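First comes the structure, then the notes that go with it.
Please treat every number below as a calculation from the coordinates, not as lab data. This structure is a prediction, so every number in the text was calculated from the model and none was measured. Neighbour counts are summed over all protein chains in view; Cβ atoms, including those assigned to glycine, are modelled from backbone coordinates with ideal geometry.
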Amino acid sequence: MFWTFRIDISSHALYNHNQPMISIKNKKIYLIIVIILISIHYLIIISSSWNKAAIYDEAVNITSGYAHLRKGNFEINKEHLTFWKEFITIPLLFLEPTLPTNLDEQQYIVADKFLYNNNLSADSILRASRIMNALGVFFLGLIIFKWSLELWGVTSAFFSLFFFLLCPNIIGWAGFSNTDFGLTVMIFLTTHCFYLHLKNPDKSNLILTGILFGLTQATKVTAILLYPTFLFLGIFYYLLINEKYSITKILLSISIIFLIGFCITSLTYMFSGIHNYFKGIRQVLDVQNIGGDVFVNGTIFPKGNKYYFIYSFLIKNSIPFIVLFLLSIIKSIFTKKSKEDIFKLVSLITIPVSLFIIASLSKRQLGLRYILPIYPFLFIFLGSLFNNINRKTIYFLIPLIVWMIFNNLSVHPNYLTFFNEFAGGSKNGYKHLVYDLDYGQDIKNIKKYLNPQNELILAYFGNVKPEYYQIDYQYGLLVSEIPDTMRLKKINSLNPKRELLAVSSLIYQMARIKDEFIFDWLKTYKPIDIVGNTILLYDITKDANAHINLAYIYMQLGKLDLAERELKRSLIIDSNRIDAIKGLEKIREFKNSSKKL
């Protein structure tokens, strides 16, 4: 069935060089259509994150960006660079939230105070920044359409745009204030501008490329990749097809781009703070060398897994997208190409290939967001499949398009948690990759399960304060940058009418004490719901075993009062639990011995 595509392998077939000129009237019509589609896309993004809590680093990103703009303070969150954080916090200059008086505390504590103890509500601050962050889709969408139009023609350009609009990973990350999406926007814009400069090396392209290059370098450390990429593309262009300019002139123009870029990067630090740029790079490199645990399909790898991003790509993109991507590769391989065509392809695949390899070899792999910048290039690459489509191809595409639309509708508003049918759908994503879905964003939605008759034990991954959203809970386990001393102190009653246990999927799969997975016992339980596809919810009202297991966790954490409550609760449910009786005796003995000391 795949071969109903007409793959013409005659010379230059890939690029349809003889496509008709587009009239000015049609260009205006296309532009209006594209802007309308992107505007709808933008509204979907905003609606999807409107009622979500802050993701793990979001409060820090916003606080540090606002501190840059308001105070010229670049000491907070140095490892996440300046530009995009400054860009997304511009609306806050008009809303004027108050910064904490002490900005020298640990960055997450500063961010916690800024977001949850302010004259503006946390939601107002988050939404103002997210609205700004999501504006990046207009830059992406317009340039994706423009570049694809130049390469393949109108039909391909609309298909490239279509893939962009329906990509759950783009929608998900565009909706939250983060530097990964910012990097995606900036790398793509800068690379496109550099491509135009190589094709038409005038001063305006040179200066614009330099400005964008500097802003990109000031967005995230990963942007360092553009240095070797631009050198490679410049030399490759010279060796392959350049007939007008010497290698010296090309290298000189690239050097000027780098110089302009460094000046712009320094400007984002107000020049005097540029030393923090180098400190940030150093911090990121140190963390990369240390590495970190990554969960893949039931196994934890302490220093990453070289197949992580391949696996993630295959289960976190819609199946139609993957099928069409593979067909695009086949077509590009078997189609005859001119030197010009080869350069166009190389310009599109250099960033995706190099970033994918670097990320796969990294010791720190915290989700598909690390390779998010590859997507705009892939959307254009897929466009090559449609520059000479026939009727059979259209018949083949219709069900794939419907499939992709259905995928989007079914996962809204939880786009970060999208998993395709290979993984069993989004509800089963937590069984495969937890760093690709759980950032603490769904804690607010726990509240709808609570009423005066329900009590909650919470094991939560994230930096949000549940109590800020009137979520009353007993500490289960909080994996957070915020100290436990700043958390709610509460012990549930011994006779709750209903008691719920909520466990973040990352804690469910990865939480360990002395190499023991402390929530492994839940693997035999079926959750009553999975909130936002990220937080597993259990009814343990009449489950003595659950309370015994929780008591064991509390004892290991040194939280004896909570352990005592759980053991007493288990005895109320089942008075014959000898293990609960012995556990209470041990706690009493320990408390008595502590008093004597």
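Between the beta carbons of residue 398 and residue 241, assuming R0 = 30 Å, the FRET efficiency works out to 0.20 to the nearest 0.05. Potential lengthening of the chain between residue 249 and residue 412 amounts to 53.7 nm, from the contour at 0.36 nm per residue minus the alpha-carbon distance.
Residue 120 to residue 489: FRET efficiency via 1/(1 + (r/R0)^6), r the Cβ-Cβ distance, R0 22 Å, to the nearest 0.05? The formula returns an efficiency of 0.20 here.
About its Cα centre, the dipole of the range 443-596 is roughly 360 debye, where the only charges are +1 on Lys and Arg Cβ and -1 on Asp and Glu Cβ. Of the residues 553, 593, 508, the one whose Cα sits farthest toward the positive end of the charge dipole of the range 443-596, with +1 on the Cβ of Lys and Arg and -1 on the Cβ of Asp and Glu, is 593.
Convert 10 °C to kelvin, take the viscosity as 1.306 mPa s, use the Kirkwood radius over C-alpha pairs of the range 443-596 as Rh, and evaluate the Stokes-Einstein diffusion coefficient in µm²/s, rounded to a whole number. Can you show the working numbers first?
Working: Rh = 15.9 Å.
My calculation gives 100 µm²/s for D.
The packing ranking, built from the mean of other Cβ atoms within 10 Å per residue, places the peptides 539-546, 412-419 in the order 412-419, 539-546, highest first. Ranked by the mean number of other Cβ atoms within 10 Å of their residues, highest first, the peptides 297-303, 232-238 fall in the order 232-238, 297-303. Take every DSSP beta bridge whose two residues both sit in the chain; close to 50 percent of them are antiparallel. Where [x] 89, 82, 45; [y] 89, 60, 41; [z] 73, 55, 44 are the candidate values, the label of the one calculated here for Cα extents along the principal axes in Å is [y].
Determine, from the Cβ-Cβ distance of residue 278 and residue 523 and an R0 of 35 Å, the FRET efficiency 1/(1 + (r/R0)^6), rounded to the nearest 0.05. So the FRET efficiency works out to roughly 0.15. Each label was represented as a point 7 Å from its Cα along the Cα-to-Cβ direction; for residue 421 and residue 470 these points are 4.3 nm apart.
Explain nothing, just the number: dipole magnitude of the chain about its Cα centre with +1 on each Lys and Arg Cβ and -1 on each Asp and Glu Cβ, in debye rounded to the nearest 20. Show your work: numbers first, answer last.
On the way: 60 positive and 42 negative charges, 134 e Å.
I would put it at about 640 debye.
In plain terms, the chain from residue 289 to residue 339 could stretch by 14.0 nm, reckoned as 0.36 nm per residue minus the Cα-Cα distance.
For residue 514 and residue 29 in one chain, what is 0.36 nm times their gap in residues minus the Cα-Cα distance, to one decimal in nm?
On the way: separation 485, 0.36 × 485 = 174.60 nm, distance 6.32 nm.
Additional length available on full extension: 168.3 nm.
Most tightly packed first, judged by the mean number of other beta-carbon atoms within 10 Å of their residues, the peptides 108-119, 332-343 read 108-119, 332-343. Projected label points at residue 497 and residue 593, each 7 Å from Cα along the beta carbon direction, are separated by 4.3 nanometres. To the nearest ten degrees, helix 179-199 and the longest principal axis of the Cα atoms of the chain are 10 degrees apart.
Where does the chain land at 222 nm, in deg cm²/dmol rounded to the nearest 500, when only DSSP H runs of n ≥ 4 count, each adding -39500 (n - 2.57), divided by all residues? The partial results should precede the final answer.
On the way: 23 runs with 328 residues, N = 597.
The helix contribution divided over the chain gives -18000 deg cm²/dmol.
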